[in-house]
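K.L.:
The structure is given below, and queries will be raised subsequently.
The values are calculated or read from the model by the stated rules, or taken from the named source; none is laboratory data. Bear in mind the structure is a predicted one, so any value in this text is a computation, not a measurement. So basically every Cβ, Gly included, is an ideal-geometry build from the backbone, and we count neighbours across all protein chains shown. Surface areas here come from the heavy atoms of the whole protein model, side chains and all, with no ligands, DNA or RNA. Shrake-Rupley method; radii C 1.70, N 1.55, O 1.52, S 1.80 Å.
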Amino acid sequence: MRRGPGGEASLRRRRGPARLWVAVAALVAGTIWLCSSSSVGLFGASYRVQDVDVNKLWRTADSNGWRASSAPRTYWPPPPTESESSGYLRVRCNGGLNQQRSAICNAVVAARIMNATLVLPELDTNSFWHDESGFVGIYDVPHFIKTLKYDVRIVMSIPEITVNGKTKKLKAHQIRPARDAPVSWYATVALEKMKKYGAVYLTPFSHRLAEDIDDPELQRLRCRVNYHALRFKPQIMKTSSEIVNKLRSEGHFMSIHLRFELDMLAFAGCIDIFTPHEQKILIKYRKEHFAEKLLVPEERRLIGKCPLTPEEVGLILRAMGFDNTTRIYLASGELFGGKRFMKPFKAMFPRLENHSTVGPGKLEENTQGLAGSAVDYMVCLLSDIFIPTYDGPSNFANNLMGHRMYYGFRTTITPNRKALAPIFIDRAQGRAAGFEQRIRQVMFNTHFGGPHKRIHPESFYTNSWPDCFCQTNARNRADRCPPDNINDVLESQFQSEEEVEESRTANQTDSAGQTEEAMI
């Protein structure tokens, strides 16, 4: 059992055999208590780890009567017309596919806060992906605009204006928002600049809006963008569907996001398991791309900051009870360190696939850059079980875990790297007694993607419960389910707004007529 980031002193304390068995005993007791309090609802009130039926993991997690719902629960006025808008909001979303995805959600919320017109978000695809496709090459733009028509006004570009008889495009005033800027910043500083210049350009725009927002309707708007409006282009959806159908034709399958890649390993500082030549490559990459910082590999591993190796993933699955017939879809970029790291994993689980091996003809040329990541995203979303080996803010795995919760509490197995690290270190140092039992104690002490309270630093995009969920037989009025169809809810409110406006206009006309009659 890990004791947290206590450095070498903590490691020495952990090695004391007496204290180790006390820790293991405490972990067992804690696990039993957690299960009895229904934190692991998938298996019932209580269980012994050795009796767990791993086949139950192929089902969805226990929802406890909750279901996804991001429809407004209170009155939600329509977005401003062109003449009512405060101005135009441009954003440039940087990072990978899912960092950009959360940035797009934040941009829509920011536009709503500012009563602004949103210009279709720009994706910084070239610097990392060497991909010029942008938003229109990845997402279904008409669907995006139509789905959000009751939330924000969206245009493809900033319009032209006429100044002194000359027509030119309105220039947006560039601002660099602070990381996790509060709602108040957008409602004051950014809005003031927008009204002054007519348009603002927020760049870079990653993690630039605080995740903790007191207004639940703004949080539900985030979910409407993320899980309803952001739909990949038809070709990506078609390719993903073909892969899933092919995998499912032989039964259940799990997907694993293996983040054992050059950039992540260099960022994490986990270089001690590599050859001297490979370590030089990692150190060079880190110096070129990340801020200088002293990182001690073993300490990083002990606090859970190192991605799991392919062999560690295989050992975890085998300890949990999965056998070599398990069908696995591997979502990852190029693995660092070559085939030697994959060899032990393939020996344990030979039925491995990826979008190149299982996809339709000419798939590879159609899934480069962001599109390839999008296909992996959809296959992982639809898999029976999903396992992330590294989860960080707004990355591929984090967003997928949230999407799978929203998509019906689909089973997600999230390895606790911090709790697993001492177990793997003991094994590497020849202390393998009780290895599989210890692994199982860690792996079965989780919620498996079911509803659970969000605790910092867990992201809203990883766990939007209960904000974007409702309970079918709720005792608490705030948790009761609104009508199923979001558009019906918004359409009725939009029509109500129009009726109020028409009534107001009619009353003003009648009042004017009565005044005229009185004057005659």
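K.L.:
If I go through region 54-85 residue by residue, how many of them are over 24 Å from Cys223 (Cα atoms), in contact (Cβ under 8 Å) with a residue 24 or more places away in the chain and open to solvent by less than 70 Å² (accessible area, probe 1.4 Å)?
P.N.:
The total comes to 3.
K.L.:
Does region 296-303 contain any residue that is within 22 Å of Val379 (Cβ to Cβ) and under 27 Å from the mean Cα position of the chain (by Cα)?
P.N.:
no
K.L.:
Tally up the residues in region 440-477 that are among the β-branched types (Val, Ile, Thr), farther than 14 Å from Glu211 by Cα and under 21 Å from the mean Cα position of the chain (by Cα), please.
P.N.:
So the first thing to find is which residues in region 440-477 are among the β-branched types (Val, Ile, Thr), and the list is 442, 446, 455, 462, 472.
Then keep just the ones that are farther than 14 Å from Glu211 by Cα; that gives 442, 446, 472.
Those still in the list that are under 21 Å from the mean Cα position of the chain (by Cα) too: 446.
Within region 440-477, residues that are among the β-branched types (Val, Ile, Thr), farther than 14 Å from Glu211 by Cα and under 21 Å from the mean Cα position of the chain (by Cα) number 1.
K.L.:
So His257 clears everything in (1) modelled with pLDDT under 90; (2) in contact with a strand residue (DSSP E or B) (Cβ under 7 Å, 6 or more places away or on another chain); (3) not acidic (Asp, Glu) except one condition, right? Which one?
P.N.:
Here His257 clears every test but (1).
K.L.:
Now, a different point. Within region 86-102, take every residue that is among the aliphatic types (A, V, I, L, M) and modelled with pLDDT of 95 or more and give me the one that is surrounded by the fewest Cβ atoms within 10 Å (Cβ to Cβ).
P.N.:
Val91
K.L.:
Does Arg92 count as over 19 Å from the mean Cα position of the chain (by Cα) and over 20 Å from Pro234 (Cα atoms)?
P.N.:
Judged against the criteria, Arg92 is not a match.
K.L.:
Going by the structure shown, is Glu278 open to solvent by less than 50 Å² (accessible area, probe 1.4 Å), charged (D, E, K, R) and assigned to a helix (DSSP H, G or I)?
P.N.:
yes
Each row is one residue, and each column tells you yes or no for (1) farther than 29 Å from Ser69 by Cα; (2) of a type outside the set (S, T, N, Q); (3) more than 28 Å from the chain's Cα centre (by Cα).
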{"position": "Asp391", "(1), (2), (3)": "no, yes, no"}
{"position": "Asn399", "(1), (2), (3)": "no, no, no"}
{"position": "Met405", "(1), (2), (3)": "no, yes, no"}
{"position": "Thr411", "(1), (2), (3)": "no, no, no"}
{"position": "Asp426", "(1), (2), (3)": "yes, yes, yes"}
{"position": "Gln429", "(1), (2), (3)": "yes, no, yes"}
{"position": "Ala433", "(1), (2), (3)": "yes, yes, yes"}
{"position": "Arg438", "(1), (2), (3)": "yes, yes, yes"}
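K.L.:
If you go through region 163-189, how many residues are assigned to a strand (DSSP E or B) and either open to solvent by less than 100 Å² (accessible area, probe 1.4 Å) or touching a His at 6+ places or on another chain (Cβ under 8 Å) (or both)?
P.N.:
Total satisfying the criteria: 4.
K.L.:
Take Asp180 and tell me if it is in contact with a strand residue (DSSP E or B) (Cβ under 9 Å, 6 or more places away or on another chain), touching a residue at least 24 places away in the same chain (Cβ under 8 Å) and over 22 Å from Leu381 (Cβ atoms).
P.N.:
It is false that Asp180 is in contact with a strand residue (DSSP E or B) (Cβ under 9 Å, 6 or more places away or on another chain), touching a residue at least 24 places away in the same chain (Cβ under 8 Å) and over 22 Å from Leu381 (Cβ atoms).
K.L.:
Okay, moving on. Among the residues of region 302-338, write down those that are in contact with a Cys (Cβ under 8 Å, 6 or more places away or on another chain) and open to solvent by less than 40 Å² (accessible area, probe 1.4 Å).
P.N.:
Taking region 302-338 as the starting set, the residues that turn out to be in contact with a Cys (Cβ under 8 Å, 6 or more places away or on another chain) are 305-307, 329, 331.
Cys306, Pro307, Tyr329, Ala331, listed by residue number.
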